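Asks: Please see the structure below; I have some questions.
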Amino acid sequence: MFNRWASVAIAFVIDQDPAVNWLLESEDPSIIYLTRKEILGEDDSELVQIRRKIPSGPKVRALLSGQRPDGGFGVHPYRKWTGSHWRLVSLVQLSIPADNKSARKAAREVANWLSRALQKSTSTAGEYPRKHASIYGNALGTLSYLGMAHDRRVRLIAESLINWQWPDGGWNCDPNPSARHSSFYESLSTLWDSRSSIEKLGVDRSRMLWKERLSCSCVTVCSGRTEVKKSRIPSG
């Protein structure tokens, strides 16, 4: 009964909303899948066939073109916007299946790069760590999505992010010692990509510290100044 009425409601939305119609007419299966899942609220069990087509979509094929045997793309993983780091962010946003072999090869290159970087990371200025947390937050989200949550390299990223948190709950890479509050950009992307990844790690200490020290804080920018407000972060 529920499925029948849900189908009627979805059909009504499609009929009444030209924007939804336009999205559903896309040639890219990722867009169709995300429209049906995120806008129309369909369950994944009803979207199996369209999701299987995602790796053959034009955007996913373009992002994976030119991949080398080592999983990379012939440039540094962080090179904008052609390195494996950035390609992975887009691939995950396009809902590439988590077991896709090409995406997982790229993920291993990113994991190796960041684990090496963490072994020699010492950036501090003043009393707080000054880190590009968004890089590691993006990686934590994409690598966990692709099934690497329990990999030691991914666990190291998660623990590092927790250790780098500022008292207000966010992060900042500003080398100026006078900077005393978190950066909106460094914090927001890290929160979006990491909020569910920490839970996948199965590490009690990480889970406890993440919830306690983050304290559901959210960095907001308004009137040219940065404020820290308490906000509930949705589970994911």
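No lab work stands behind these numbers, since they all come straight from the coordinates. All values derive from a computational prediction rather than experimental measurement. Every residue, glycine as well, gets a Cβ built from its backbone with ideal geometry; the counts of neighbours run over all protein chains shown.
Asks: Could you calculate the FRET efficiency of GLU38 with GLN119 from 1/(1 + (r/R0)^6), where r is the beta carbon distance between them and R0 is 45 Å, rounded to 0.05?
Replies: Calculated transfer efficiency: 0.75.
Asks: If you don't mind, there's one more thing I want to ask. Would you mind computing, in nm to one decimal, how far apart the modelled labels at ASN163 and ALA98 are, each placed 7 Å from Cα along Cα→Cβ?
Replies: So the label points at ASN163 and ALA98 sit 2.7 nm apart.
Asks: Could I ask something else about it? Using 0.36 nm per residue of separation minus the Cα-Cα distance, give me the extension gain between SER26 and ALA179 in nm, one decimal. Can you show the working numbers first?
Replies: Numbers: separation 153, 0.36 × 153 = 55.08 nm, distance 4.53 nm.
The span from SER26 to ALA179 would gain 50.6 nm if fully extended.
Asks: Residue by residue through the stretch 159-171, which ³J(HN,Hα) values in whole Hz follow from phi under the Karplus form 6.51 cos²θ - 1.76 cosθ + 1.60 (θ = phi - 60°), with glycine and proline marked x?
Replies: 5, 5, 4, 5, 5, 8, 4, 8, x, 7, x, x, 9
Asks: Could you give the radius of gyration (one decimal) and Dmax (whole number) of the Cα atoms in the stretch 43-190, in Å?
Replies: So, for the stretch 43-190, Rg and Dmax equal 16.7, 54 Å respectively.
Asks: Compute log10 of I(q)/I(0) for the stretch 51-102 with the Debye formula, placing one identical point scatterer on every Cα and leaving out solvent, at q = 0.31 Å⁻¹, to two decimals.
Replies: One equal scatterer on each Cα of the stretch 51-102 leads to -1.34.
Asks: Here's another thing I want to ask about it. Which of the peptides 131-140, 28-37, 51-60 is most tightly packed, and how do the rest follow, going by the mean number of other Cβ atoms within 10 Å of each residue?
Replies: Numbers: 131-140: 24.2, 28-37: 20.4, 51-60: 17.2.
Final packing ranking: 131-140, 28-37, 51-60.
Asks: Around GLY57, what is the net charge, scoring Lys/Arg as +1 and Asp/Glu as -1 over all other residues with Cβ under 13 Å from its Cβ?
Replies: Working: positive: ARG51, ARG52, LYS53, LYS59, ARG61; negative: GLU27, ASP28.
Around GLY57, the surrounding residues sum to +3.
Asks: Report the gain in length on full extension from HIS76 to GLN49: 0.36 nm times residue separation, minus Cα-Cα distance, nm rounded to one decimal.
Replies: Values: separation 27, 0.36 × 27 = 9.72 nm, distance 3.50 nm.
Working it through step by step, the gained length comes to 6.2 nm.
Asks: Once amide H atoms are placed 1.01 Å from N in the peptide plane, what residues at a sequence separation of 5 or more from TYR128, or on another chain, have their amide H within under 5 Å of its amide H?
Replies: Those lying under 5 Å, H to H, from TYR128: there are none.
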